Each structure stands twice: as structure tokens, then as C-alpha cells.
1. Which length gain, in nm to one decimal place, applies between Ala229 and Arg155 when the Cα-Cα distance is subtracted from 0.36 nm times their residue separation?
2. Using the alpha-carbon atoms, what tilt in degrees (0 to 90, nearest 10) does helix 265-277 show relative to the longest principal axis of the chain?
3. Which of the GluC sites (Glu not before Pro) across the stretch 185-271 are loop residues per DSSP, with 15 or fewer other Cβ within 10 Å?
4. If you line up the long axis of helix 131-148 against the longest principal axis of the chain, both from Cα atoms, how many degrees apart are they, to the nearest 10?
5. For n ≥ 4 DSSP H runs only, could you compute -39500 (n - 2.57) per run for the chain, divide by its residues and tell me the 222 nm figure to the nearest 500?
6. For the stretch 5-147, with only Lys/Arg (+1) and Asp/Glu (-1) charged at the beta-carbon, what is the dipole magnitude about the Cα centre, in debye rounded to 20?
7. Label the stretch 34-113 by shape, choosing from rounded, prolate and oblate, from the square roots a ≥ b ≥ c of the eigenvalues of the Cα gyration tensor; if a/c is under 1.5 it is rounded, and otherwise prolate applies when a/b is larger than b/c, oblate when it is not.
8. Can you tell me the relative contact order of the chain? Whole percent, Cα pairs under 8 Å, sequence separation 6 or more.
Amino acid sequence: MTTTHTLDVPGARLHYEVRGSGPLLLVVGAPMDAGAFAPLADALASDHTVVTHDPRGISGSTLDDPEQDSTPELRADDVAALLDALGAESADVFGSSGGAVTGLALVARHPGRVGTLIAHEPPLTELLPDAAEQRAATEDIIRTFHREGQPAAWRKFMANAGFDQPSDQGDGDGRAEAAPPPPVFEPSPRDIANGIRFFTHELRGTTAHIPDIVALKAAPARTVVGIGAASGALVTYRTSMALAEQLAVRPVEFPGDHGGFLGQPMEFAEVVRRVLKG
């Protein structure tokens, strides 16, 4: 059974969900909301109390000031407030993508609140040798959003991230043959609102984050870097490897790519369990 709750935090009202029983595990995303992690949370709920939430400004988590930027530090403080609301001194945390960046900020800012952090493919582009180029690409994506709208910005975002994009194919005589059209995805009003929030107030702050490696190494938390078995072509593969090198840890392989928990939640959950058991 899943129960839903709200929590007032400075400047926002958070929506969060609790399911299962056992040791406490927070599953954190950004900008992905609680609903996106439901299959993984369900798969883990047989032996964990799993808490998911909508990051501030996303889906059911509302803001006092809609123009407030989302930063990993602010989101980390929200997660600490969730722990307080749950009456928990500490918990294990699984964070993916921007949620992994949130988790890293949480360990640095609230070091006693985390047992094990699994940071799955954090997009820490400032750790890369081509950080300046990545920074410029992020700014170009944001400008594209303002100039051409979400579909164009998402296409540019996905291409820069390393995902294959639909393209025309030749027929052998040099003539273009249209590729089969991809399935039509009609974004909901919530999807559109979340996309606006992501491009205008979240993307820049997440990718610009520079983790405090000294604080992460000194914290009592165990930080594990997760990487997708099929993520080799992605920017987040490089950022994850860079983080693992700076932390002097061996990355742990998870099923699938950047969103492996969506396509293979049961298999993904088994790797999470294995990591948490140490």
C-alpha cells in the first residue's frame, strides 16, 4: 500500500509517498517525480520502506515563488526535512541523474543523515575535461527552449546527452528513405509544466554543481557511484567515471542505461539491494 503526504518546507510544499516496510530508503530524482520511480519503489517495497517525492516545483510539489531556481543544495535540504518528518535520523538514499546530484549535496551538507548513497549517473559536467563545451551546450539548450519551445530543446538535450536521435536512412542509391516514425508522445499539462521548470530553473543549477569531494570522503556515509551497463555512449557515463575516479571508488554497474530503472525495475532493484547490503 502506498500512502501520500505533504510537507511544508521553506518556500515550498512537498508531495511525498511512502510504501513498503523495512529499512528506510529514499529514492530521489530531479526533475523526475515520484511517479517515475513507482515501478522501482514497488520492486523494493517488499523489504524496504521506500519514500519517493516530487522535487520542489515539480508535479505536486508547489513553490511560494514559481521563479525560484532549483539547486542541489536546496533540494538536499528538502530531503533532510523529509527525514525529519519521517522521524528518521538517517536513511539510505538512491539518487538518479539530478537526484544523484541532490544526494551528493545531501551527504556534503548533512553528513550524518545518510548511511549509503547510491549516486546513479549524476550529470556533473563540470568534472569533465570539456566542461566549458558542456557549459556552452547547456546554455544553448536553454536558449533553444526560449526561442523554439520544448520539443526543439528536448531534441537538443537528448542529442547532447548522447542518445540516438531519429534520422533519415539512405536506400543504397543515395536517395533518402523516411525512417519509421517514432511512437507519438503527447505530453500532459503536467509534463509541459515540468519541462518549463526544468529548462528555466533546474538544468543549469544541476549541471553546474561541483561536488565537495573532501566533504564526501570525510563523511560517515558510504558513497557508491552507479553506472548503466548500456550507458557507454552517454555524457553521464563520463561524468560518473570522473566522479568515481575523484572519490577513488569502483563504479557499480546497473541494468540498462540512464533510465534503466524504468525498463528493468526488478533487475535494477536487485542491484540496489546488493549494494545496500555492502
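The values are calculated or read from the model by the stated rules, or taken from the named source; none is laboratory data. Since the structure is predicted, the reported quantities are computational estimates derived from the model, not experimental observations. Glycine gets a Cβ as well: all are built from the backbone with ideal geometry, and neighbour counts include every protein chain shown. When the accessible area is computed, the model is the full protein with side chains, heavy atoms only, and any ligands, DNA or RNA have been set aside. Shrake-Rupley method; radii C 1.70, N 1.55, O 1.52, S 1.80 Å.
1. Extending this stretch completely gives an extra 24.3 nm.
2. Once rounded, the angle reads 40 degrees.
3. none
4. Around 70 degrees separate the two axes.
5. Only helices count here, giving -12000 deg cm²/dmol.
6. In total the dipole reaches around 120 debye.
7. Working: a/c = 1.71, a/b = 1.23, b/c = 1.39.
Taking the square roots of the gyration eigenvalues as a ≥ b ≥ c, the stretch 34-113 is oblate.
8. Once divided by the residue count of the chain, the mean separation gives 20 percent.
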